[in-house]
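What follows is a short report on a single structure.
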Amino acid sequence: MRVWIDADACPKAAKDQVVKFALKRGFEVLLVAGQAQSKPAYNCVRLIVVPSGPDAADDYLVEHAVAGELVICSDVPLAARLVKNQVTVLDPRGSEFDQRNMGDKLATRNLFTELRELGQVGGGQAPYSERDKQAFANSLDRILTRLQRQAQA
């Protein structure tokens with residue numbers, strides 16, 4: 001099994017958590033980024049730097065991640081493309097994207113984009129908190145267990 005990470009936007013704490021799980025459970029972690037960044041010094045982790053360009057990392061993830069694998073990302077349009085391809089997607093705050101909730105998540109994202117453009121709301125996401133880290137770890141454990149069981153069936 002492989003876990004892919006949209007590495008440019010993923011909090012370091014979430015990346016570190018995935019690596020801890022990989023060391024314990026024995027899967028490969030692929031960090032996909034549009035620019036060079038530091039990579040944990042473990043054989044189970046690979047850094048893939050894609051040529052720069054709009055959505056280059058997103059396109060790479062959509063082309064290479066397959067059903068039965070997990071992608072960590074917070075980009076809702078990217079998640080929609082992956083879910084459409086039957087790839088499991090988890091955001092770094094512990095929320096899973098799936099067929100049932102994808103429409104709502106896209107609508108919410110589009111609404112907030114419009115409101116920001118109109119000056120009605122500002123700012124971005126809150127800082128990555130201990131609560132976010134714990135929610136992510138719990139969801140990651142649950143999803144990895146589910147995917148490993150499905151692979152064995």
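Observations on the model:
- For PHE27, the stated conditions do not hold, so it cannot be described as within 22 Å of SER129 (Cα to Cα), surrounded by 13 or more Cβ atoms within 10 Å (Cβ to Cβ) and over 14 Å from the mean Cα position of the chain (by Cα).
- Complete set of residues in segment 60-69 that are surrounded by 15 or more Cβ atoms within 10 Å (Cβ to Cβ) and over 24 Å from ARG149 (Cα atoms): TYR60
- Subset of segment 8-23 that is touching a strand residue (DSSP E or B) at 6+ places or on another chain (Cβ under 9 Å) and not in a helix (DSSP H, G or I) - its residue that is modelled with the lowest pLDDT: ASP8
- Of all residues in segment 39-51, those being free of Cβ contacts under 8 Å to residues at least 40 places away in the same chain and surrounded by 10 or more Cβ atoms within 10 Å (Cβ to Cβ) number 9.
- Test: residue in segment 90-110 that is modelled with pLDDT of 95 or more and basic (Lys, Arg): yes
- Remark: pairs (first residue in segment 19-33, farther than 14 Å from ILE72 by Cα; second residue outside any helix (DSSP H, G or I) and charged (D, E, K, R); Cβ separation under 9 Å; 6+ apart in sequence or on different chains) = PHE27/ARG2.
- Some residue of segment 24-46 being within 23 Å of GLN148 (Cα to Cα) and part of a helix (DSSP H, G or I): yes
- So ALA14, is it within 21 Å of ARG142 (Cα to Cα) and of a type in the set (A, V, I, L, M, F, W, C): yes
- Test: residue in segment 70-84 that is of a type in the set (D, E, K, R), surrounded by 13 or more Cβ atoms within 10 Å (Cβ to Cβ) and outside any strand (DSSP E or B): yes
- In segment 34-49, residue nearest to VAL3 (Cα to Cα) [restricted to those that are aliphatic (A, V, I, L, M) and at pLDDT 95 or above]: VAL45
The values are calculated or read from the model by the stated rules, or taken from the named source; none is laboratory data. The structure displayed is predicted, hence computed values, not measured ones. Virtual Cβ from ideal backbone geometry, glycine too; neighbours counted across all protein chains shown.
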